[in-house]
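Written below as structure tokens is the structure these notes are about.
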Amino acid sequence: MLRDTVPRQIPPLVLAAFEEELSKAEQALSAQEFSSAWGLLERAHVLGQAWNGPHARVHLGMIRWSVQRGAMGVLIRQCLILLSNPLATALVRRMVGASGQNVNPWRRGPVPEDLAQILQEVLHESSGFWADTPTPLHITFQ
């Protein structure tokens, strides 16, 4: 379990990867490729969940997904998550790996290797902790 500091501002490397995943998700959603869109939203969630703005944007995308799919249960859940976004981000600010749906938000999950490498690089720069940590990671921030 990692007990380390997450930067207050989303680092440029994480932001760029986040924007790329979110853009791909929006394209997939526009093409009605719902399964692909959801997977990309989950990846964006892994990257952005520790910061309010990106975290909210992912859940807005999940709301859009649920409206287009007609998935009322998902819509209600995502609306509640979005309304509680500042609190939710603060509570799980240091948990990386929650996909945003069908997971226990208090449990960490596997982080895809490519995303883990991005997160490792950023956290390594800020703390030096990651030098000997193998991937794929299960990362929990406190």
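Worth a mention:
- Computed lengthening from Leu60 to Leu87, 0.36 nm per intervening residue step minus Cα-Cα distance: 8.1 nm
- Least to most buried among Val74, Val67, Val111, Val58 (fewest other Cβ within 10 Å first): Val67, Val74, Val111, Val58
- Two-site label geometry, Val67 and Gln9: point separation in nm, points 7 Å out along Cα→Cβ: 3.2 nm
- Footprinting exposure proxy for Phe34, Phe18 (fewest neighbouring C-beta atoms within 10 Å first): Phe34, Phe18
- Going from the fewest other Cβ atoms within 10 Å to the most, the residues Met72, Met62 appear in the order Met72, Met62.
Read the figures in this text as sums done on the coordinates, not as results from a lab. Everything numeric in this text was worked out from a predicted model, so none of it was measured. Please note: Cβ atoms are built from the backbone with ideal geometry, for glycine as well, and neighbour counts cover all protein chains shown.
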